[in-house]
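None of the figures in this text is laboratory data; all of them are computed from the coordinates on show. Here the structure is a predicted model, which is why all the values come from computation and not from measurement. FYI the Cβ positions are ideal-geometry reconstructions off the backbone, even for glycines, and counts take in every protein chain you see.
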Amino acid sequence: MRELRLYEMDGNEPAARWRIVDRTDLHVADGDLWVTIEGRPADYWLHAGESLALLPGMRVWVSAAAGGAVFAFGPQAARARQAVPLTWRWLDAARGRVGQAGATLPT
């Protein structure tokens, strides 16, 4: 189970500040969002469908554009495990390279 925190911010609201505790994705569901990270020279404009990866310890300021925005904080997606080595091991086994009998495959 994952926890998502959904926020709706009007364009006339003051910027809000968050301190990031875990590896987190900030995802914009609707509207445009201005994001600045303390200590970084650049700001970010995120649009609907875009995300920004945030790391523990970051202090983040968020503000909506004039039309407002809907956004969520959630856990960063886990990296997919690499299947290539397993595939190569299966092919080597099928060819008898690791001391196993070759596999009979349907034709």
Counted neighbours (other Cβ, 10 Å), sorted fewest up, put 45, 34 in the order 45, 34
Gain in length, residue 7 to residue 34, computed as 0.36 nm per residue apart minus the alpha-carbon separation, to one decimal in nm?
-> 8.3 nm
